[in-house]
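This report concerns only the one structure given below.
The values are calculated or read from the model by the stated rules, or taken from the named source; none is laboratory data. What you see is a predicted model, and the numbers here were worked out from it, not measured in a lab. For neighbour counting, all protein chains shown are included, and Cβ atoms are generated from backbone atoms with ideal geometry for every residue, glycine included.
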Amino acid sequence: MCSRYLGFILLVWFPGALHAQSAAQPCPAPSLDRGYFVPVQGTYSHDSKLTYACESPLKPAVEGWWAGSVCQNGTWSPTPRCIEETACIPPTIANAKYTEASDGRYKDGDIIRITCDKGYEHKANVATARCRNGTWVSLPTCEISIKSCKAPPKAPHAVIIDQGYKELFPEDAGVKYKCEDGYSIEGSHNYTLFCQAGIWTDGPMCSKETGRGGSAEAGTSGGHSTSSGRGTQPGGGGGGGSGPDIGLGGSADAGTVGGHSTSSGRGTQPGHGGSSSTSANRPLLTTIEHCGTHPIVPNGVVVEEQRMYLKFKCQAFYKQVGEGTVTCFSDGSWSEVPVCEEAFCVLKPGYYDRSSKVSVAMYINEGEMKHIPCVWRDWSVAVRCFNRTITHTRCCHRDDHYWRYCT
């Protein structure tokens with residue numbers, strides 16, 4: 001009697017154990033059309049395994065002529081299935097995704113389109129694959145984009161927050177840093193770096209916060225400095241009255257002896273025996289709206305506008321010299337813009353080979369060839385633009401065995 005009550009109490013205390021036992025459901029024997037499997041049983045317990053094969057001309061819906069499946073809580077995984085030999089199974093493509101067939105197979109001639117994960121791009125611009133006689137033809141691959149960034153840089157006295165560890169960051173991704181206790185950046189404890197064209201933007205440095213009694217990095221003795229670098233109270237027993245613009249015995253630019261320094265190097269209230277140092281402020285990359293009006297590239301147009309950059313492309317008959325991606329700096333200036341140089345020839349009106357006449361000026365791209373009709377039908381002159389110079393052949397007929405010299 002006592003043991004019966006004890007069992008009841010255990011079930012009340014541990015309902016999860018009873019649920020876990022009931023959740024692991026057995027699997028019925030798989031329905032495998034034109035296939036066979038071992039071992040043959042009526043039901044299979046959870047985690048049981050079986051092996052199957054298919055009758056010719058069918059094949060398993062996985063790689064190889066035989067396959068395995070595992071009973072997982074009442075369901076076979078993967079589902080045992082026999083498909084046509086000319087069908088394709090879902091391909092495995094790293095760092096990519098695509099719409100998978102509902103029945104786990106693709107018919108001969110089916111085409112799939114691959115979408116690369118963020119931070120990756122299609123190698124050789126190949127994005128589709130075709131199932132041909134049971135094999136995928138020209139299966140795409142996704143490689144790391146040249147615009148992506150590897151792990152962000154290590155920053156002294158700061159740690160990355162709100163980010164799980166990743167080895168790759170797509171373009172325009174941002175990582176937020178937080179200064180450790182006792183350090184800040186002009187009154188703030190957080191700042192963000194962005195991945196821009198494969199490079200992380202420059203960031204500020206977390207500096208020791210200043211306070212009464214001196215600063216380790218601002219270099220004062222007994223005085224305060226604010227985010228603008230202006231001293232407030234005198235140190236070393238001085239009164240509250242106003243003092244000279246520079247420290248006693250110090251210099252306005254270096255701010256070394258007896259005064260406080262600011263980011264511009266100007267001392268304020270006098271101190272006693274303190275020293276300070278300044279650091280050059282390098283412009284940082286920022287959003288393009290900070291720079292205002294877009295820069296002008298003669299014979300070039302903006303083909304892409306993102307939060308952190310503009311991308312230019314030269315118009316027809318011009319070639320680009322320099323980087324097409326333009327960014328904005330925190331001082332309001334733009335990075336160097338590309339130059340669009342002429343890359344064409346002008347075929348002037350007139351006769352060529354005395355039998356081919358050009359009525360109006362014709363523009364030809366660098367490296368391009370055009371055929372100018374001669375007075376006779378199916379005869380033409382081949383005109384080329386090379387090093388911005390026009391060259392041309394004689395009139396040739398398409399059936400002439402010398403035609404290869406006219407192309």
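Assorted remarks:
- Note on the range 314-365: residues that are in contact with a helix residue (DSSP H, G or I) (Cβ under 9 Å, 6 or more places away or on another chain) and either at positive phi or assigned by TED's automatic domain parsing to the domain that holds C396 (or both) amount to 1.
- Only one entry in S184, S188 is over 25 Å from L310 (Cβ atoms) and crowded, with 18+ Cβ neighbours inside 10 Å, namely S184.
- Condition broken by E121, with the remaining ones in (1) assigned to a strand (DSSP E or B); (2) more than 26 Å from C195 (Cβ to Cβ) satisfied: (2)
- The range 60-77, subset surrounded by fewer than 16 Cβ atoms within 10 Å (Cβ to Cβ) and in a loop (DSSP other than H, G, I, E, B), residue farthest from the chain's Cα centre (by Cα): G74
- Of all residues in the range 80-102, those that are closer than 21 Å to P30 by Cβ and touching a residue at least 24 places away in the same chain (Cβ under 8 Å) have Cβ atoms under 7 Å from Cβ atoms of residues that are part of a loop (DSSP other than H, G, I, E, B) and β-branched (V, I, T), 6 or more apart or on another chain, in I89/V62.
- Candidates are the residues of the range 136-149 that are of a type outside the set (G, A, S) and exposed (fewer than 13 other Cβ atoms within 10 Å of the Cβ); the one that is nearest to W200 (Cα to Cα) is I146.
- The numbered conditions (1) crowded, with 18+ Cβ neighbours inside 10 Å; (2) of a type outside the set (D, E); (3) in contact with a Pro (Cβ under 9 Å, 6 or more places away or on another chain); (4) assigned to a loop (DSSP other than H, G, I, E, B) are all true for P152 except (3).
- Meets criteria (surrounded by 14 or more Cβ atoms within 10 Å (Cβ to Cβ) and out of contact with any Ser or Thr (no Cβ under 6 Å at 6 or more places or on another chain)) for P57: no
- Residue ID - nearest to the chain's Cα centre (by Cα), chosen from residues in the range 105-117 that are modelled with pLDDT of 90 or more and outside any strand (DSSP E or B): D117
- Scanning the range 313-350 for residues that are part of a loop (DSSP other than H, G, I, E, B) and of a type in the set (S, T, Y) yields T327, S330, S333, S335.
- Extreme residue, nearest to the chain's Cα centre (by Cα), among residues of the range 91-104 that are surrounded by 15 or more Cβ atoms within 10 Å (Cβ to Cβ), at pLDDT 90 or above and assigned to a loop (DSSP other than H, G, I, E, B): N95
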